[in-house]
Amino acid sequence: MAYSNKVVDHFEHPRNVGSLDKAAVNVGTGIVGAPECGDVMKLQIQVDDANNIVDAKFKTFGCGSAIASSSLATEWIKGRKLDEALEIKNTDIVKELALPPVKIHCSVLAEDAIRAAVADVTAKRDAKVEAS
Amino acid sequence: MRQVYLDNAATTPVDPRVLDEMLPYLREEFGNAASRNHSYGWRAEEAVDTARNQVAKVLGCSPKEVIWTSGSTESNNIAIKGVARMYGEKGKHIIAQETEHKAVIDPCKYLEQEGYRVTFLPVTKAGLVSAEQVREAICDDTILVSIMFANNETGTIQPMAEIGKVCKEKGVLFHTDGTQAFGKIPVDVEAMGIDLFSLSAHKVYGPKGVGALYVRRKRPRVRCEPVLHGGGHERGMRSGTLNVPGIVGLGAAAEIALREMDTESKRLSGLRDRMWKGLSSNLDEIFRNGDPDQCLPNILNVSFLYVEGESLMMGISTVAVSSGSACTSASLEPSYVLKALGLGDDLAHSSIRFSMGRFTTQEDIDFTVDKMVETVNKLREMSPLYEMAKEGIDLSKVVWAAH
C-alpha cells in the first residue's frame, strides 16, 4: 500500500507540531486514542475573546496517516471560529489525504481531537465565567 | 538515494550463482523428472537427486528422507495434518507453542475443529520454551510436538536437542518449522531428535515457490497422510509434477549456505551487533526483543518507546524493514509473537525487525543506524507520549479513551 503524496508531504513537513500552555484558560487540549491501539493524538487550540482559533498545535503517536490527519486538522482549524471548527468532518480529511479504508480511523481520531479540544476550552471558559 | 534491504527474514533475493544453476532447467533441460523412458526425464531426475543430496547434507539426513514441496507453509501443513490423520487413532493431542508462525498455528486450529486438542505452550520473556514444559504437557494421547527452530520475528532459537530428547523418551513425533534456521545455523536431525523439518528455498537465496519437508525413515519410520492426492510422487506424501528448476535452485542454495555458514554467520552477527551498538549508544529507551544469546545471527528486533512502528518505517523510507505494529497489517492487532513475550501492545506497536542478509554491507548498517536515530528523534519530538513521559507522567496509569 503506497501513501498518497499529501500524506507524505504532511509526514515529512508536519504543520504546527508542538505544544501550547495547557493550563492557560484560552487554550483547549484534546487527547484521544490509546497507546495500545497504536495511536494517540494531542491537539491544542488557542482562542481569542471573539472565539477565533488563533493558534493550533499537535503531537501524535501513530502511523503516517495519523500524523498527516492531525497535521491537516491543525492547518484547517487555524483562523476558524470554534463552531466552524466543529464543522470539519472526518470524511473531509479522508478525501483530502486520499486515505485508504484501513486508515479511516486516523481521520476519525483527528475529528475527535478537534471536538475534545473545543469542548475543553469551552468548559474552561464557562468555569471561569461562573467563578467571576 | 541509497536503498537498503533489511527484510531478509521475509524473503531474500536469488543468489546469482543459484540462478546460473537453475537456468538450464528452464531452457533446454525442461524434462519431467517422472518421465522414466527418455533422457529428458532421466536428466531431470538426476538434477533432482543432486538437489536432494545437497539439502540432506544441511540437515544431516539421508536424501531419501527429503520430500519436495512448494515451501514451508505446505511442508508444515503436510507434517501437522498428515501426522495427525495418520496417527489419529493413536491419539488426538498436539503440542506447539505460542510464537509459532501462522503456517503452524492455523493447521493446528483447523485440526481442533476435527476433534484434536492442541496445547500452545507459553514462552519466556526471551521467547523460549523449555524441554521441561514439553515433558509436562505430553499426555498419553500426544502424537506430535511442533516447536519452531528459530523465530521469524525475534530470531530466538529454541533448545531443539533437549526437546527432541524428551520426545524420543516419550515416543512422540517431533516436527520443527525450520524455515528461518535452515542454512543459517547448524542443524543435525539425528543429534536433535527431529522427525520432521520444514524449510523454504526463498529464505536462503533460492527461488520462491519451492521448499522441502524432511520426513524420518528410520527409528521411527514416520508416515504422513498426503494433503494433495494424485500421481503418488515423493513416496506418496506429495503428488504433483516436480518443480525441477526450483528444486535445482533450492539444492544450489543449500550447498552454498552450508559451505559459507561459518564465515557468513560470523559476518552477520557482527553486522547485527554493530547495528544494536549503533542504535543503543545513540538512543535512550529502546529495548531489544528476544534472546540476545540464543539468537539467529541475522535478526535484530527492537522496540523504540513512544514511537509507532509504521511511522518509523515511513521515516526511513529507503530502508526496507518489518514492524510488529498493527498498522502494517489489516488486523489492527499488533504482533502476537511480541505479545507472547509479555510486551504490552504499546511496545509491540513500537517494534522494528531488522533482518540482515548475504548482500548486506557495513555501509548499509551505518546508513540505517543514522536514518533510524534521526527518525526516532524527529518522531519523539512529535510524540505526545514522549512529552508526557518527560513530564514524569506514568503512561500505564493514564486512563486512555481506547477506540
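Number of residues in the range A:4-33 that are more than 7 Å from chain B (Cβ to nearest Cβ), aliphatic (A, V, I, L, M) and in a strand (DSSP E or B) equals 1. Looking at the range B:64-153, the helices (runs of 4 or more DSSP H) lying wholly inside it that each contain 1 or more residues that are within 14 Å of the chain's Cα centre (by Cα) and surrounded by fewer than 24 Cβ atoms within 10 Å (Cβ to Cβ) sit at B:72-86, B:102-113.
Kindly establish whether B:T361 is open to solvent by 30 Å² or more (accessible area, probe 1.4 Å) and β-branched (V, I, T). Here the answer is yes, as B:T361 does meet what is asked. Can you find a residue in the range B:372-392 that is more than 13 Å from chain A (Cβ to nearest Cβ), under 23 Å from B:N298 (Cα atoms) and touching a residue at least 12 places away in the same chain (Cβ under 8 Å)? Yes, there is a match, as at least one residue in the range B:372-392 is more than 13 Å from chain A (Cβ to nearest Cβ), under 23 Å from B:N298 (Cα atoms) and touching a residue at least 12 places away in the same chain (Cβ under 8 Å). Would you check if A:A98 is within 27 Å of B:S323 (Cβ to Cβ), more than 14 Å from chain B (Cβ to nearest Cβ) and open to solvent by 30 Å² or more (accessible area, probe 1.4 Å)? Judged against the criteria, A:A98 is a match.
Does the range B:343-358 hold any residues that are open to solvent by 10 Å² or more (accessible area, probe 1.4 Å), within 11 Å of B:N289 (Cα to Cα), touching a Phe, Trp or Tyr at 6+ places or on another chain (Cβ under 9 Å) and not in a helix (DSSP H, G or I), and which are they? Residue satisfying the conditions is B:L343 alone. Residues that are touching a strand residue (DSSP E or B) at 6+ places or on another chain (Cβ under 6 Å) and among the small types (G, A, S) occur in the range B:207-227; there is at least one. Criterion applied to A:E75, A:E111 was being assigned to a helix (DSSP H, G or I), open to solvent by 60 Å² or more (accessible area, probe 1.4 Å) and on the phi < 0 side of the Ramachandran plot, and the one residue passing it is A:E75. Filtered by the rule that a residue be part of a loop (DSSP other than H, G, I, E, B) and open to solvent by 10 Å² or more (accessible area, probe 1.4 Å), the range A:34-72 gives A:D48, A:D49, A:A50, A:N51. In the range A:82-91, the count of residues that are open to solvent by less than 40 Å² (accessible area, probe 1.4 Å), within 12 Å of chain B (Cβ to nearest Cβ) and touching a Lys or Arg at 6+ places or on another chain (Cβ under 9 Å) is zero. B:P334 passes every criterion in (1) free of Cβ contacts under 8 Å to residues at least 40 places away in the same chain; (2) surrounded by fewer than 24 Cβ atoms within 10 Å (Cβ to Cβ); (3) outside any helix (DSSP H, G or I) apart from (2).
B:G315 meets the conditions (1) under 24 Å from the mean Cα position of the chain (by Cα); (2) within 14 Å of chain A (Cβ to nearest Cβ) in every case but one. The failed one is (1).
So if I check each of B:A33, B:A44, B:A56, B:A51, which one is open to solvent by less than 70 Å² (accessible area, probe 1.4 Å) and part of a loop (DSSP other than H, G, I, E, B)? The unique qualifying residue is B:A33.
Only a single item in (1) over 22 Å from A:I104 (Cα atoms); (2) at the interface with chain B (Cβ under 8 Å from one of its Cβ atoms) is not met by A:C37, and it is number (1).
The values are calculated or read from the model by the stated rules, or taken from the named source; none is laboratory data. It should be emphasised that the depicted structure is a prediction, and the values quoted were computed from it without experimental measurement. Virtual Cβ from ideal backbone geometry, glycine too; neighbours counted across all protein chains shown. Accessible surface areas use protein heavy atoms only, side chains included; no ligands, DNA or RNA. Shrake-Rupley method; radii C 1.70, N 1.55, O 1.52, S 1.80 Å.
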